[in-house]
Each structure stands twice: as structure tokens, then as C-alpha cells.
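Visitor: Before I ask anything, here is the structure I am working with.
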Amino acid sequence: MDRLIELLPDFWQAALETLYMTTFALAMAGVIGTVIGIGLYVTRPGGLMANRPLSILISFLVNFIRPIPFVIFIAVLQPFTRIVIGTGIGINAGAFAIGVAASFAIGRIVEQHLVSVSPGVIEAARSMGAGPWRILLTVAMPEALGPLILGYTFIVVALIDMTAMAGLVGGGGLGAFAQVYGFRQFEPVVMWAAIILIVVFVHLVQTFGTWLARRIMRR
């Protein structure tokens, strides 16, 4: 316990780093992943803007990157991270790698929830003369919004987990704090303090996401 009290400034700094990396990665992956998911949805056979070659290309890219373990992906991405961020280490580099990896997971989640929208609703909009973009923005996306929020909530929880591995590139955060000051220095109290705070973050995110999704789906 004395060691934890001594490390409190570093502990709270690590907590802020975890929140920063999660927020940065979510903002980045949310935009890129949504675009990828919409691309998968509209270009699929029978989609609003069916384009078989483009659909195959996007799907191949997603299927190629998604299965790569993050601990390997974060190392493989380092040259690209240096080009974009200017460095391959640090919390910005870690957040960028997390954002890239999460983009493809979000893309698939967005596609799956858009595909689940009732075809009857889409056909009704088409019969009234609505164009592809209008159907997407005013019918498909609103209909899938509740489940999409649950999907994004799942991704945020995964992002918090991924920040722990960002310590491999000097990303910092609670995961790195637990490893450096807890596990490696045989300080279980320090390690469990970091673990408990991560669990609290995950619980708060899950609770808020579930509440928001329920409110939207009741409307």
C-alpha cells in the first residue's frame, strides 16, 4: 500500500493516458470505421450502390487486417505510424495504432447492423423515389442506430483493453503502469489498483452505452 501511495501521481497520469488513447482511437476509428462499414454495405451485391469489384476489395482488406493479433499489428504498423505521427513510440503512436486496428472492426460491425435493417423498409423508401444516399442517411442509419451504439460500446471496451498492449511502444496508460510498477516489481497492490480502475472504466462505458441504446430503441 505504501508503494501505491508513493506512485499515486504516476497512477493518475497513467489513468489520463488511458482515457486519452481511448478517446483519440475512438474518434479516429469511429470516422474511418463508419466509412468502411458504409462502403461494405452499399457496395455489396444487391446493395444501394452495388459494385462487386469495390466490395471485394474492401472486404478483402477488412478480412486481412482484422485477424492480425494487435500485439503484432502495433509493431508492423510502426513505419506507417512514424510517417503519420512523426514517431513510432509514445501515447500518440499507441493511440494511432489502436485507431487503425479498431477501424476495421468497427467497419464490420457497421456493415452487419446495416444489413440487419428490414429489407421491407428499404424497399418502401425506394418505392417512394428515395435515392441511395437518402435511404442510407434517413432510413438505414436511423433504423440501425440503437444496435450500432451497442456495437460501438463493445468497441470502446476493446479499446480500453488494447491500451494495455500499447505499452509495448511506450504508449503508457494503466496497462503499462500495472506491468512496470506492479507485475515486474512484484507489487500486487499496485497491479490490482490499475486493474480495478480499468474495470471501473469498462463498467461505466458499458452502462452508459446500454442505457443510451435502450433509450434510442424505445423511440
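The values are calculated or read from the model by the stated rules, or taken from the named source; none is laboratory data. Not measured: the values here are computed from a predicted model. Backbone-built Cβ (ideal geometry, glycine too); neighbour counts: all protein chains shown. Side chains included, ligands, DNA and RNA excluded: accessible areas come from the protein's heavy atoms. Shrake-Rupley method; radii C 1.70, N 1.55, O 1.52, S 1.80 Å.
Visitor: So if I check each of L16, L61, L40, which one is in contact (Cβ under 8 Å) with a residue 12 or more places away in the chain and open to solvent by 20 Å² or more (accessible area, probe 1.4 Å)?
Guide: Of L16, L61, L40, the one residue that is in contact (Cβ under 8 Å) with a residue 12 or more places away in the chain and open to solvent by 20 Å² or more (accessible area, probe 1.4 Å) is L61.
Listed here are the residues, each with its yes/no results for (1) in contact with a helix residue (DSSP H, G or I) (Cβ under 7 Å, 6 or more places away or on another chain); (2) modelled with pLDDT of 85 or more; (3) not in a loop (DSSP other than H, G, I, E, B).
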position	(1), (2), (3)
I149	yes, yes, yes
D161	no, no, yes
G182	yes, no, yes
Q185	no, no, no
V189	yes, yes, yes
W192	no, yes, yes
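Visitor: To continue, here is another question. Is it fair to say F208 is closer than 24 Å to A97 by Cα, touching a Ser or Thr at 6+ places or on another chain (Cβ under 9 Å) and among the aromatic types (F, W, Y)?
Guide: No; evaluated as a whole, the condition is false for this residue.
Visitor: Considering only residues that are surrounded by fewer than 23 Cβ atoms within 10 Å (Cβ to Cβ), of a type in the set (A, V, I, L, M) and under 13 Å from T34 (Cβ atoms), which ones fall in region 91-132?
Guide: Across region 91-132, the qualifying residues are A105, I109.
Visitor: For region 1-60, name all the residues that are among the charged types (D, E, K, R) and touching a Phe, Trp or Tyr at 6+ places or on another chain (Cβ under 7 Å).
Guide: D10
Visitor: Could you check how many residues of region 150-162 are out of contact with any Ser or Thr (no Cβ under 9 Å at 6 or more places or on another chain) and open to solvent by less than 50 Å² (accessible area, probe 1.4 Å)?
Guide: 4
Visitor: Report whether or not I198 is among the β-branched types (V, I, T), in contact with an Asp or Glu (Cβ under 9 Å, 6 or more places away or on another chain) and open to solvent by 30 Å² or more (accessible area, probe 1.4 Å).
Guide: For I198, the condition - among the β-branched types (V, I, T), in contact with an Asp or Glu (Cβ under 9 Å, 6 or more places away or on another chain) and open to solvent by 30 Å² or more (accessible area, probe 1.4 Å) - is met.
Visitor: Let me ask something else about it. If you check L4, L40, which single one turns out to be modelled with pLDDT under 85, in a helix (DSSP H, G or I) and farther than 19 Å from T163 by Cβ?
Guide: None of the other options fit; the residue is L4.
Yes or no, residue by residue, for (1) free of Cβ contacts under 8 Å to residues at least 24 places away in the same chain; (2) in contact with a Cys (Cβ under 8 Å, 6 or more places away or on another chain); (3) within 26 Å of M28 (Cβ to Cβ):
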residue: R108; (1), (2), (3): no, no, yes
residue: S118; (1), (2), (3): no, no, no
residue: A125; (1), (2), (3): yes, no, no
residue: M141; (1), (2), (3): no, no, yes
residue: L159; (1), (2), (3): no, no, yes
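Visitor: Can you pull out the residues in region 43-58 that are at pLDDT 90 or above and open to solvent by less than 30 Å² (accessible area, probe 1.4 Å)?
Guide: Of everything in region 43-58, those that are at pLDDT 90 or above and open to solvent by less than 30 Å² (accessible area, probe 1.4 Å) turn out to be T43, S55.
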